[in-house]
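The structure appears right after this line, and notes come after that.
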């Protein structure tokens, strides 16, 4: 029997008073109810990341090495991101850029939140970043426009819409995650990169 897919969910904001943990909590609850994937939640606020990147090949800090190990065993990712100034948070870019092979040939989904744009501009930029890292972003995403007003008690006010979007994205992540895991096992992606 094959092991379940491992989905790493990354909370990409570390600001004081951030809304990200609310959105992440909602999403992981949904994922647990509609998916058989094993979840690992990474909150960047809990990880000590370097401001200056070490030279390639240098020994990473213990916290960076631990994060790398969690990303390495992942079969798929979901990034929960706000939109800051029409983009995504610097701490998220920093965390992404610390790694290369850990992202390769794995699918990435996005849950975004923000004002009128719902974080969609951040997601479009993240798609470009992950494409450069040889990750595959899935088509469907979840976005919350005016997030603070569409959540009540940690849940979306209109759960049917967000549930449907989240379930669709999870289906795509499971398909891509399974297909790409099989492909990586048959032929390591490093040979094609």
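Which condition number in (1) under 21 Å from residue 173 (Cα atoms); (2) surrounded by fewer than 14 Cβ atoms within 10 Å (Cβ to Cβ) is the one that residue 28 fails?
Failing condition for residue 28: (2).
Being touching a helix residue (DSSP H, G or I) at 6+ places or on another chain (Cβ under 9 Å) and under 13 Å from residue 10 (Cα atoms) narrows it down to one residue among 34, 78, 129; which is it?
Step by step, each of 34, 78, 129 is checked, and only 78 is touching a helix residue (DSSP H, G or I) at 6+ places or on another chain (Cβ under 9 Å) and under 13 Å from residue 10 (Cα atoms).
Every residue, every condition in (1) closer than 24 Å to residue 177 by Cα; (2) surrounded by fewer than 21 Cβ atoms within 10 Å (Cβ to Cβ), yes or no:
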{"residue": "58", "(1), (2)": "no, yes"}
{"residue": "70", "(1), (2)": "yes, yes"}
{"residue": "83", "(1), (2)": "no, no"}
{"residue": "93", "(1), (2)": "yes, yes"}
{"residue": "99", "(1), (2)": "yes, yes"}
{"residue": "104", "(1), (2)": "yes, yes"}
{"residue": "108", "(1), (2)": "yes, no"}
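Looking at (1) part of a helix (DSSP H, G or I); (2) at pLDDT below 95; (3) more than 18 Å from the chain's Cα centre (by Cα), which is the one condition that is false for residue 179?
(2)
Restricting to region 23-42, give me the number of residues that are over 24 Å from residue 158 (Cα atoms) and either at pLDDT 95 or above or assigned to a helix (DSSP H, G or I) (or both).
6
For residue 120, work out the one condition from (1) touching a helix residue (DSSP H, G or I) at 6+ places or on another chain (Cβ under 9 Å); (2) at pLDDT 95 or above; (3) more than 23 Å from residue 74 (Cα to Cα) it doesn't fulfil.
(1)
The values are calculated or read from the model by the stated rules, or taken from the named source; none is laboratory data. Predicted model, so just to flag it, every value in this text is computed and none were measured. Every residue, glycine as well, gets a Cβ built from its backbone with ideal geometry; the counts of neighbours run over all protein chains shown.
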